[in-house]
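Below: the structure, in structure tokens.
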Amino acid sequence: MLTPLTSCTITPSRISGFRLQILYAYNPILAFIGATISFIPILLADLTSTWIVLAWSRTISLSTAPRKD
């Protein structure tokens with residue numbers, strides 16, 4: 001079963017943990033484009049690739065440790 005990325009009460013719709021599904025926490029040079037299933041794959045692929053470029057160019061900061069759930 002797929003877990004929704006957003007709740008129906010969030011307006012406007014946002015994907016809060018989207019960045020956590022892109023880079024592999026133990027090796028941040030490994031990234032996943034297209035891993036998120038959606039009705040708009042081209043838009044999410046564009047957002048994902050933009051976020052990866054910002055992360056790898058160190059324009060945005062990355063967490064230094066993997067998340068423990």
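The values are calculated or read from the model by the stated rules, or taken from the named source; none is laboratory data. Owing to the predicted nature of the structure, the values given are computational and were not obtained by experimental measurement. Neighbour counts are summed over all protein chains in view; Cβ atoms, including those assigned to glycine, are modelled from backbone coordinates with ideal geometry. For the accessible areas, the whole protein counts, side chains as well, though only heavy atoms, and no ligand, DNA or RNA atoms are used. Shrake-Rupley method; radii C 1.70, N 1.55, O 1.52, S 1.80 Å.
A compact table of results
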| quantity | calculated |
| --- | --- |
| Test: residue in the stretch 33-43 that is touching a strand residue (DSSP E or B) at 6+ places or on another chain (Cβ under 8 Å) and modelled with pLDDT of 70 or more | no |
| Total residues in the stretch 10-31, condition modelled with pLDDT of 80 or more and open to solvent by less than 70 Å² (accessible area, probe 1.4 Å) | 5 |
